[in-house]
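In what follows, a structure is listed as C-alpha cells, so that the remarks can point back to it.
The values are calculated or read from the model by the stated rules, or taken from the named source; none is laboratory data. Just so it is clear, the model here is predicted, and its values are computed rather than measured. Positions of Cβ are generated from backbone atoms using ideal geometry, with glycine treated the same way; all protein chains shown enter the neighbour counts. Side chains included, ligands, DNA and RNA excluded: accessible areas come from the protein's heavy atoms. Shrake-Rupley method; radii C 1.70, N 1.55, O 1.52, S 1.80 Å.
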Amino acid sequence: DVKVTQSSRYLVKRTGEKVFLECVQDMDHENMFWYRQDPGLGLRLIYFSYDVKMKEKGDIPEGYSVSREKKERFSLILESASTNQTSMYLCASSAYGGQGNEQFFGPGTRLTVL
Amino acid sequence: AQSVTQLDSQVPVFEEAPVELRCNYSSSVSVYLFWYVQYPNQGLQLLLKYLSGSTLVKGINGFEAEFNKSQTSFHLRKPSVHISDTAEYFCAVSYAGNNRKLIWGLGTSLAVNP
C-alpha cells in the first residue's frame, strides 16, 4: 500500500523559532509537494520538487524554504515562524506523468505558532 | 489562466438524500480530473478519477462522477448519503502539458444531518 508519512500530526512552536516539517514517501515518486490549507482558501502550493535537489516555488513560497537531499524525503522549513503561519500543512507525492499526475497525501501536520 | 471552480462552498443534506457536488474547470484540449475527500483532521484521499474512456466514473463509498467535455464539468454524485460522508470534498484538474501539478478547487463542505 502506498504511503506518505509526516513527522508530526500536531506541532506547537513560538514566534521566531526555526521549524522543520518532514515528509517521507515509499513509492519512489519523482514529485513531492508541500501545501498549506486554511479555511475557505483550499490547498495552496508552497513548493514542489521534481527531483533530488531540484525545487520550484509554488503560489505562496514567502517565509518558507525546502530541502530534498534524498528522493524519498522532502522537508519544509520555516526559517523564523510567525503567527500567520499557523495552519494545516499537507505533503503529497506523485509519479512523473503517472495516472494523470494523481497525488498521494500524508495525514497532515497542524502547526500552531504562538 | 487554468482554474477549477467548485460552485458550492457548503452543501447541507439530510441522511439518505441524494447529493451533487459541482465542479467546473477552464477549457482545455486534454484534461485529467480528480475528486478527493478529506475527513476531519486527516489528509486527502482519492475518491475517483477520470483519465480516459467512459465519461461516467465510479469511485469508493458509492460516489460517481460524470465528465462532460462540452460543459467542462465533472460533478460528483451519490444517490443516498450517510452521516459518515460528512467531509470536505476537493475537485482537481491536471492539464496536458503540465506534467506535475494539479489545479485545485477551493473545496465543498458536505454536512450530512440525521
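State the number of residues belonging to region A:14-29 that are touching a Phe, Trp or Tyr at 6+ places or on another chain (Cβ under 9 Å) and surrounded by fewer than 18 Cβ atoms within 10 Å (Cβ to Cβ).
Count: 2.
One line per residue, one yes/no per condition, for (1) touching a Lys or Arg at 6+ places or on another chain (Cβ under 7 Å); (2) part of a strand (DSSP E or B):
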{"position": "B:Ala1", "(1), (2)": "no, no"}
{"position": "B:Asp8", "(1), (2)": "yes, no"}
{"position": "B:Val11", "(1), (2)": "no, yes"}
{"position": "B:Gln42", "(1), (2)": "no, no"}
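Filter region A:54-66 down to residues that are more than 9 Å from every other protein chain (Cβ to nearest Cβ) and surrounded by 16 or more Cβ atoms within 10 Å (Cβ to Cβ) and give me whichever is farthest from A:Ser8 (Cα to Cα).
A:Lys55
Name the residue, out of A:Ala92, A:Ala81, that is part of a loop (DSSP other than H, G, I, E, B), in contact (Cβ under 8 Å) with a residue 60 or more places away in the chain and either surrounded by 12 or more Cβ atoms within 10 Å (Cβ to Cβ) or of a type outside the set (Gly, Ala, Ser) (or both).
None of the others qualify; the one that does is A:Ala81.
Check off (1) of a type outside the set (A, V, I, L, M); (2) without any contact (Cβ under 8 Å) to a residue 60 or more places away in the chain; (3) closer than 19 Å to B:Asp8 by Cβ; (4) surrounded by 12 or more Cβ atoms within 10 Å (Cβ to Cβ) for B:Gln71 and give me the number that stays unchecked.
Checking B:Gln71 against (1) of a type outside the set (A, V, I, L, M); (2) without any contact (Cβ under 8 Å) to a residue 60 or more places away in the chain; (3) closer than 19 Å to B:Asp8 by Cβ; (4) surrounded by 12 or more Cβ atoms within 10 Å (Cβ to Cβ), the one that fails is (4).
Quick one: which strands (runs of 3 or more DSSP E) lie wholly within region B:55-99 and hold at least 3 residues that are closer than 15 Å to B:Pro18 by Cα and modelled with pLDDT of 95 or more?
Qualifying strands (runs of 3 or more DSSP E): B:73-78.
So B:Ser30 fits all but one of (1) away from chain A (no Cβ under 14 Å); (2) open to solvent by 40 Å² or more (accessible area, probe 1.4 Å); (3) more than 22 Å from A:Phe104 (Cβ to Cβ); (4) polar (S, T, N, Q); what number is the exception?
Every listed condition holds for B:Ser30 apart from (1).
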